1. Can you give me the relative contact order of the chain as a percent, contacts being Cα pairs under 8 Å and 6 or more apart?
2. In terms of modelled amide H atoms, which long-range or inter-chain residues lie less than 5 Å from the amide H of GLN150?
3. Taking the full set of protein chains and a 1.4 angstrom probe, give the accessible area of ASP257 in square angstrom, rounded to the nearest 10.
4. Can you give the FRET efficiency for HIS7 and GLN108, using 1/(1 + (r/R0)^6), R0 = 30 Å, r = Cβ-Cβ distance, to the nearest 0.05?
5. Highest first, please rank the peptides 95-107, 127-139, 243-255, 298-310 by the mean number of other Cβ atoms sitting within 10 Å of their residues.
6. Determine, from the Cβ-Cβ distance of LYS199 and ALA25 and an R0 of 35 Å, the FRET efficiency 1/(1 + (r/R0)^6), rounded to the nearest 0.05.
7. Show the residues, 5+ positions off or on another chain, whose built amide H is closer than 5 Å to the amide H of ILE214.
8. Starting from the amide H of VAL246, placed 1.01 Å from N in the peptide plane, find each other amide H under 5 Å away whose residue is 5 or more places distant or on another chain.
Amino acid sequence: MSNHAGHMTPGEFREHGYAMIDWIANYMQQVEQYPVLSQVSPGDIYNQLPEHPPQEGETMAAVMKDFDDLVLPGITHWQSPNFFAYFPANVSGPSILGELLSAGLGVQGMLWSTSPACTELETRMLDWMVELLDLPQGFLSSSEGGGVIQDSASSAAICAMIAARERITDGASNTLGLKGISEPLVAYCSSDAHSSIEKGARIIGIGTQCVRLIPTDEEHRMRPDALEAAIEADIAAGRRPFFVTVTIGTTSCGAVDPLPEIASIARRHRLWIHVDGAMYGIAALLPECRWIHDGLDRVDSYCVNAHKWMLTNFDCSIFYIQNKKNF
């Protein structure tokens, strides 16, 4: 890629960077001309790539030619105005440039001291989101709670489930393992909730068999009466309810679970209440849609995906908790 001891010089970076920005700008301008769904068959791209790694680097011109000839035909164009699958995940010029600047800095944000601006910028931005979405003041960093960016709502759910597990066991699962807990832990969610809830249960060690999929009503919302019955049945059987997920915009049909009613039941039984607003939570940017967050002041954690409706690059899933002491 360069004759300078294998390194790209600042001048070369500038030259190729300008060319790549031009490529991206042209792509944004003409993305609707591409077929939305990739036209390749399984293995087509894999079989066109060399079996062994190259012994020498290639020029950027050769790399971009391979990109155009081999990679681009295998892309499903999520940014196309003709894309209507899965969920909205549109980027924008500012978000692309922001990611470029972040990559250029190569920041490591594992601790405050590794780059204070990274931590403090994230904290302030998530406080801004509390205001923009009119979320409970308990999610502000200046309160007992606060927010942090996760890669996805799935990771946020796992974080919430771990915190719920440690709270209900008073940390015993950390020292004794789940086998040291006399009563099996049980989690609850709508039968239309995202599969990440069941996956999270497997990851944290309680298993899918301890996840109750609660039936829904005619509008595909979790039925509070069915949740109450399931909790009481588990208690009677010697199990320990500890976690419930309330979904704002289910994956299958966009249903909004009745948060106020579920929160009342969950609080009475001391369950951790996690709200998955990954799909529709961002709609609360509009004042007329903020009813979807009714009852949010009574929950323990909340997740909303900026990378769905806010023209923000993947991955930017915002995770809030009401009490940092639970972590």
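1. Numbers: 495 pairs, mean separation 61.1, N = 327.
It rounds to 19 percent for the chain.
2. Residues meeting the amide H criterion: SER317, ILE318, PHE319.
3. 10
4. Calculated value: 0.90.
5. 298-310, 243-255, 127-139, 95-107
6. Values: r = 38 Å, r/R0 = 1.09.
That pair, LYS199 with ALA25, gives E of 0.35.
7. CYS189, SER190, SER191
8. Residues meeting the amide H criterion: HIS274, VAL275, ASP276.
The values are calculated or read from the model by the stated rules, or taken from the named source; none is laboratory data. Because the structure is a prediction, the values reported are computed rather than measured. Cβ coordinates were reconstructed from backbone atoms using ideal geometry, including for glycine residues, and neighbour counts include every protein chain displayed. The area values use the complete protein model at the heavy-atom level, side chains included, leaving out ligands, DNA and RNA. Shrake-Rupley method; radii C 1.70, N 1.55, O 1.52, S 1.80 Å.
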